[in-house]
Each structure stands twice: as structure tokens, then as C-alpha cells.
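Report on one structure; see the data block that follows.
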Amino acid sequence: MIRKTIKISNKLGLHARPATLIVKTATKYRSDCRLVKDDMDINGKSIMGVMMLAAEYGSEIELITDGIDEDYLMTDLVELFKSKFDEE
Amino acid sequence: MNLSLKEFYETKAKDLSLSLVTNPDTLDSEISSKYISRPGLALTGFFERFSYKRIQVLGETEIGYMQSLSDEMLYDRLKEILIYDIPCIIITKGLSAPNQLEFLANDMEIAVLRTAISTDRFSHLLRRYLDDYFAPTRTMHGTMIDVFGVGILLTGKSGIGKSECALDLVERGHKIVTDDAVKIKLNDDKLLAMPTNDFGHFMEIRGVGLIDVEKMFGIQAVGLEKQIDVQLELMPWQDNMDYERIGLSDNYVEILGVKKPIIYLPVSPGKNVSVIIEVVAMNYILKTFGYEAAKVYTDKLQQKLREKSALRNRKI
């Protein structure tokens, strides 16, 4: 299992488009993927779940990957966040 | 998470008929306990195990006792009490606060509120609100449905078909409470499941996108919250899995410390999962009525075995 805390750095936060990108990335891999914010622990492969977080600009969330390809999944996810989901 | 006294006052002043006796800056406090206290013994000077962290409620008895004390005695006693970090004091039945209480409370920055409601009724309403505010909650990945009045929490890996099952059940006349993300609140040993936000009843169908279940299927297809009776986990069919065959023993799962029955359902193409979910609900209802199909059958089988065995022994 890999855990990594990451900050939301794109101005509009985790709205529908970034959420879709996260979910599409997560479903490519076999590993389980969870996103944790405050007391909400949701499945990263579920679009409704990710959008439910309503993670705003500046907030922090914890990424948790667990499974055979957890490293690749985590790398991809971190890259997504760092690139601000290609929005800026 | 603590409840800010200011937020409590602003939210509940109308419902609980509250008015503020002390200055508004005394509202700068926090409520950290869902319990309330009637500080009878503390008023007499006995402070051992004084639950100062709780909201203190003063009714006729307490006010009457304070009035029976001499001015100096009351002043000294109140100073002893208000030195504790009490979240606030609430006087019931519209009674007036003794002058010393109002003065000292302002001085020592403890809020005093008044309610027109009687002590017992107020205690009940306040406890109900605090219990709900401080109720433990958690979120889970799953779909909450109401089938024949039975609250079923559908869980399982992404893509296994929870949402599609839920839609099929809606077509059969059942209700969806929430899809994909469930917020669960523990209140009074009951597990209440509800949506995680107030956006409405939306669902994601892969390949189609987001749909508005309420708009599409009508108000009778959705529910706002439902108690969890049974958890149903959908699993991909596996040859060597040990599935429940007879159903005499129940499996249980613990959610927020409460035990609930769980059913592991193997799914594969061609299997009509929705009808099985309806069967799970009906079986649950029958069991609450005292009828257990598995027991009835196995009892009949045991009876038959006894008869056949007796017959065999007579022949010998």
C-alpha cells in the first residue's frame, strides 16, 4: 500500500473534468485506489465518489493505492495533480 | 468535531425558543459533549465528578435552591461553579436568572441562555439535537436501496453492477437512497444511510454518464434516508469460493460498531441479480416474522430421516 498526501493546486478545484481524469486513470489499473479528505474515504474508481469530495483549491487530500500495480497508479495520479489536470 | 456555541444558538434559537441573557461575546465557546447536566450537587458545593464539560440546564428546582441561599452564599457558590470551563448554562421554563448569575457569568465569560420550554421537554429536544450532531458517521463506497421496506446496502468492487442493479430495482418499484457513495450515521444503535451531499439523486452509468434518477423515474423512486438492515456484497463468481448454501448460519459485518447481517452474492453474466436482491429482502422480512425457510426444510428432512431410520430398525 502506498499513501501520499497531495495539495489541490488548480484554481477550480476537483470539478467534473479533473474527477473524470482521476477515475479514468484509476480504472486503468488493477490496484485499489482511495482518496481521503477530512473524514471522507472514497473509492477513486467511482466518479460520484471523487466529485463528492468537493475538494477545493488549496485543500489537501490523501491518495492511497493498494495492489499489484500500486506504484504505476500512484505515479500517474501524482503526475495528474502536479500538471493541474492540464487546466493552467 | 465540536459544536460552536454561536452556531448552536443561531441555528436552534427559534426551534428551542432560546434567548441570550448574557453578552453576545460569551457565545465564543464550544460544546464538546452530547450529554447535558443538571448541576444540583454542584450548586450545594459538592464538586466531585462535576460534569462541567456538559451544557448545564437549570430548572425550577435549581433556581429555587439558588433563591434560598443568602446573597453572599450564592455569590461565592456561583464563583466556584463558573470558574469551570462550562460551555453554557440554559435556564428553562422562561424563569429569570438571579442577578448574581447574570453578573458573574458576564464577568467570567460563560454564556447564560433562557428557553421558554419546560425542563423535561427542553432536555429531550436538546438531547435529540446533540445526539444527532455528535453521531459518529462514516462514508462507504456502495449503493443504498429500499426494497420492500428493507434497507439494503449494496457493496462490491467498481464496475460489478451495483448501479445497474439499483436501476433495475427502481424499475420494479423500489427506491434508491444514494448511489456510489453512502454516508452512514450511527444514532441510537440504528445505522442511518443517506446521500453524501444535497445535490439530489444522481447516478453514473458507465457508457451513458450521469442521470438524474428522480427526474427520470419520479419521486417514488428515491428516498432521503434509510436504516441499514442488511449488507449485500456483490462478488465476481469464483469456482472455489465457499458460498452460503443452506443459509442456517448468518454472516455478520460491523459498521460503526453495529453488527449487521451480510450476504455475499456471486454474480456473473446471465444471473438475474435484481430478483435475488428482492428475495434477500423478502427473506429478511420472513425472518423477522419468525419464519426461516432453511430451518423449516432441515426440520422436515430430520423428521423424514427419523421416520426412515425407525422403519429400517423395525425390519431388522
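Each value in this text was obtained by applying a stated rule to the coordinates, not by laboratory testing. Since this is a predicted model, take the numbers as computed values, not measurements. Heads up, the Cβs are rebuilt from the backbone with ideal geometry, glycines too, and the neighbour counts pull from every protein chain shown.
Below are the figures for this structure:
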item: Unique match (being of a type outside the set (K, R), in a strand (DSSP E or B) and surrounded by 12 or more Cβ atoms within 10 Å (Cβ to Cβ)) among B:M203, B:M216; result: B:M203
item: Filter pass, A:T75 being away from chain B (no Cβ under 13 Å) and touching a helix residue (DSSP H, G or I) at 6+ places or on another chain (Cβ under 8 Å); result: no
item: Any hit, region A:52-60, residues being at negative phi and in contact (Cβ under 8 Å) with a residue 60 or more places away in the chain; result: no
item: Per-region count, region B:212-264, residues closer than 19 Å to B:F148 by Cα and in contact (Cβ under 8 Å) with a residue 12 or more places away in the chain; result: 21
item: Extreme residue, farthest from A:F85 (Cα to Cα), among residues of region A:45-69 that are assigned to a loop (DSSP other than H, G, I, E, B) and within 13 Å of chain B (Cβ to nearest Cβ); result: A:G67
item: Residues being touching a residue at least 40 places away in the same chain (Cβ under 8 Å), on the phi > 0 side of the Ramachandran plot and in contact with a helix residue (DSSP H, G or I) (Cβ under 9 Å, 6 or more places away or on another chain) - total across region B:174-189; result: 1
item: Answer from B:I160, B:I184 - the residue that is hydrophobic (A, V, I, L, M, F, W, C), within 12 Å of chain A (Cβ to nearest Cβ), closer than 24 Å to A:L53 by Cα and not in a loop (DSSP other than H, G, I, E, B); result: B:I184
